[in-house]
1. For the chain, what is the calculated [θ] at 222 nm in deg cm²/dmol (nearest 500), taking -39500 (n - 2.57) for each run of four or more DSSP H residues and dividing by its residue count?
2. Quick check: pseudo-label points 7 Å beyond the Cα along Cα→Cβ at Glu273 and Phe298, how many nm apart are they?
3. Tyr32's amide H: which non-local residues (gap 5+, or another chain) put their own amide H closer than 5 Å, with H modeled 1.01 Å from N in plane and none for Pro or chain starts?
4. How far apart, in nm, are the 7 Å Cα→Cβ label points at Phe135 and Ala176?
5. Place a +1 charge on the Cβ of each Lys and Arg in the range 229-335 and a -1 charge on the Cβ of each Asp and Glu, then give the dipole magnitude about the Cα centre in debye, rounded to the nearest 20.
6. How big is D for the range 87-192, in µm² s⁻¹ as a whole number, if Stokes-Einstein is applied with the Kirkwood radius of its Cα pairs at 10 °C and 1.306 mPa s?
7. Which one, Ile249, Tyr199, Leu289, projects farthest toward the positive side of the charge dipole computed for the chain from Cβ point charges (K/R +1, D/E -1)?
8. Around Thr233, under 15 Å between beta carbons, what's the net of Lys plus Arg minus Asp minus Glu among the other residues?
Amino acid sequence: MSQRAALLIGDLNHARKEWQECAQVASKLLEYPKGGREDFLSKCRSGEFDGVFVLYRSNDSNPVTGDFNEELLDVLPKSLKYICHNGAGYNNIDIAACTKRGIAVSSTPIAVNDATADIAIWLMLGALRNIKHSFQAVNQGKWRGKFELGHDPKNKTLGILGMGGIGSAVAHRAKAFGMKIQYHNRNRLPSNEEDGAKYVSFEELLKTSDVLSLNLALNPSTKHIIGKAQFETMKDGVIIVNTARGALIDEAALVDALKSGKVWTVGLDVFEEEPKIHPGLLECENAVLLPHLGTGTFETQRDMELLVLENLKSAIKDEKLLTQVPEQKKEKANI
């Protein structure tokens, strides 16, 4: 096996020992824990990372280097063949440009499913019970404040847009509350994977769901998949939950829908311009908000780091990724 160095961008918080053990398969372990985009680009251009075969990066390390777009990909060492990404979402990586350059990319599905689904259910229940005002009131010593009745989840129709691993985990949990489950994907799941959920068209999902949960990836085709026209199609008093990516929703249109009552309440863990939040959402008493905590558990964070390292070792030893991003799998299938 030729010289195959591994580069860690950012830091590891839960699997530092396992990273060091990668020295058993990598010719060298390099780290770029902090810095800035221009510094990183400069080091790439100077050849400091020549010989790197695989790199570890994460959504948390994105502030260190910025997006992995064409500008950055163009200066990465020619030896680089694999990017192992820590995160279920990877919209800060230009997958098409990576594919064109012959770089394979992995992400961390499965490891994130349970924790993200738990937060989705927490937000859904909070939105159903419209807890924001009373939660804030009691913490300000005002008891219930302007208390209003909420809704039970039982017998409500939960529409899941994106029935992948996280969406399926949300559906499984929602069943315990007596909810009816329907979903829409670009392609229908095999019947044995639907677990009783009903497959419907996108338009039918919007028209008939009492609660709509967004669990799909963000890419150019899904940005603002929920906007003014889609809100108009929904039931009056619909509840929206988003634990995927903020830009799936046109936030300005969402604020209008909340203020008009078209959307009764919303539960959000993600926002269009994180960490900035649309001021209208902060003003709305019917918006239950969390600061992107979906995968924020010790167990999940460690599982994610370990999965990235397993991908990294597989790339070095077998030139194969365990959880390659689906866009590249489809690319291979079409060759």
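The values are calculated or read from the model by the stated rules, or taken from the named source; none is laboratory data. The structure displayed is predicted, hence computed values, not measured ones. Backbone-built Cβ (ideal geometry, glycine too); neighbour counts: all protein chains shown. Please note that ligands, DNA and RNA were not included when accessible areas were found on the heavy atoms of the full protein model with its side chains. Shrake-Rupley method; radii C 1.70, N 1.55, O 1.52, S 1.80 Å.
1. Numbers: 15 runs with 128 residues, N = 335.
When only DSSP H runs of four or more count, the value is -10500 deg cm²/dmol.
2. Once both label points are built, they end up 3.8 nm from each other.
3. Leu8, Ile9, Gly10
4. 1.9 nm
5. Values: 12 positive and 19 negative charges, 88 e Å.
About 420 debye.
6. Numbers: Rh = 16.7 Å.
Rounded to a whole number, D works out at 95 µm²/s.
7. My answer, from the dipole projection, is Tyr199.
8. Values: positive: Lys207, Lys228, Lys235, Lys262; negative: Glu203, Glu204, Asp210, Glu232, Asp236, Asp250, Asp256.
Neighbour charge sum, excluding Thr233 itself: -3.
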